[in-house]
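The values are calculated or read from the model by the stated rules, or taken from the named source; none is laboratory data. In this text, all values refer to a predicted model and were calculated from it rather than measured experimentally. Virtual Cβ from ideal backbone geometry, glycine too; neighbours counted across all protein chains shown.
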Amino acid sequence: MVDLSVKIGQLELKNPVLTASGTFGYGEEFSDFIDLNRLGGFIVKGTTLNPREGNPYPRMVETPSGMLNAVGLQNKGVDYFIQHIYPRIKDVNSQIIVNVSGASIPDYVAVCEKLQPLNKIAAVEINISCPNVKQGGMAFGTTCAGAASVTKEVRKAFNRTMIVKLSPNVTDITEIASAAEAEGADAVSLTNTFLGMAINTETRRPYLSTITGGLSGACIRPIAVRMVWQVANTVKIPVVGLGGIMNGRDAIEFILAGATAIQVGTANFIDPSVTVKIIDYIENYMQRHGIASMQELIGGMLK
């Protein structure tokens, strides 16, 4: 037997496998494919103060070993989530984390104030890194001052675990992570998508309505692993790793680089049962290598 449990702030996870926001709906959409109770936790789609229609179509396109998306945080708003979604998922025996986005700092704060009374919401993931919206989003995640200001104000509004989701579209991600840590973040998650674009050479027009979008999938994994390693060696708070995790081996790579937990995103579109397969792989890997607990594995890259 091995101990797969990990802890992020006050958040206790039975295993380190989470789902990435925007790729797993509200969890219930995947209940026909996997037992949600097996997950360490699931992160619901980006939630904003007011409903958002998202960006015009087309807003997704496949790329070599990945995909570009410009969905633009389409959702029905936090009040709809509280009234209609939360009652349906609150009894799942897995940690529920809400990804929170906003166009301004008061937006982030207002959403978190509304989520605070919901005791089955174990944590929030503050998205300061979305490259697909015109206001807010990545604007807060590309400067130390922006990251610090959002983190500081949300910390006052939400007293459970706060994870800050970082943008890779910066010069030095360790500086942004340190700024979030200094203002009370319990953990940071990285990386969100990389800004990219694709052009249809026959029509000579961009594939996406927004021209640029967020690149995800296996193609970004080596860069994401490098960033996780850099941040894990800079901050003292836990790091949640994501970016191109397609299987169990990929998850182990992030954990060896210093990630306390991982998120699975684009792979859910290819195989909706991939998360439980990754959990099984991690357990088998630890047994094969004689590793008793996750604490022995986290950051265990041999130099």
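Would you say MET67 is closer than 28 Å to LEU195 by Cβ and either over 18 Å from the mean Cα position of the chain (by Cα) or without any contact (Cβ under 8 Å) to a residue 60 or more places away in the chain (or both)? So that I can check it myself, show each step before the final result.
On the way: closer than 28 Å to LEU195 by Cβ: yes; either over 18 Å from the mean Cα position of the chain (by Cα) or without any contact (Cβ under 8 Å) to a residue 60 or more places away in the chain (or both): no.
Answer is no for this residue.
Being assigned to a helix (DSSP H, G or I) and either among the polar types (S, T, N, Q) or surrounded by 17 or more Cβ atoms within 10 Å (Cβ to Cβ) (or both) holds for only one residue in ILE85, ILE34, ILE43, and it is ILE85. Of all the criteria given as (1) surrounded by fewer than 21 Cβ atoms within 10 Å (Cβ to Cβ); (2) in a loop (DSSP other than H, G, I, E, B), the one not satisfied by ARG226 is (2).
Identify all residues within the range 8-31 that are without any contact (Cβ under 8 Å) to a residue 24 or more places away in the chain and of a type outside the set (S, T, N, Q); write none if there are none.
Answer for the range 8-31, where residues must be without any contact (Cβ under 8 Å) to a residue 24 or more places away in the chain and of a type outside the set (S, T, N, Q): GLY25, GLU29.
Scanning the range 281-303 for residues that are part of a helix (DSSP H, G or I) and surrounded by 12 or more Cβ atoms within 10 Å (Cβ to Cβ) returns TYR281, ILE282, GLU283, ASN284, TYR285, MET286, GLN287, MET294, GLN295, GLU296, LEU297.
Select from the range 1-30 the residues that are loosely packed, with under 15 Cβ neighbours inside 10 Å and among the polar types (S, T, N, Q) and write down the one among them that is nearest to ASP271 (Cα to Cα). Looking at the filtered set, the residue picked out is SER5. All conditions in (1) surrounded by fewer than 23 Cβ atoms within 10 Å (Cβ to Cβ); (2) touching a Gly at 6+ places or on another chain (Cβ under 7 Å); (3) on the phi > 0 side of the Ramachandran plot hold for GLY217, with the sole exception of (1). When residues of the range 142-161 are filtered for being polar (S, T, N, Q) and part of a helix (DSSP H, G or I), how many remain? Number satisfying all stated conditions: 2. From LYS303, LYS277, grab the single residue that is farther than 15 Å from VAL17 by Cβ and among the basic types (Lys, Arg). Sole residue among the options that is farther than 15 Å from VAL17 by Cβ and among the basic types (Lys, Arg): LYS303.
The requirement of being crowded, with 23+ Cβ neighbours inside 10 Å, in a helix (DSSP H, G or I) and at pLDDT 95 or above is fulfilled somewhere in the range 230-240, by at least one residue.
Criterion applied to ASN55, ASN93 was being in a loop (DSSP other than H, G, I, E, B), of a type in the set (S, T, N, Q) and free of Cβ contacts under 8 Å to residues at least 60 places away in the same chain, and the one residue passing it is ASN93.
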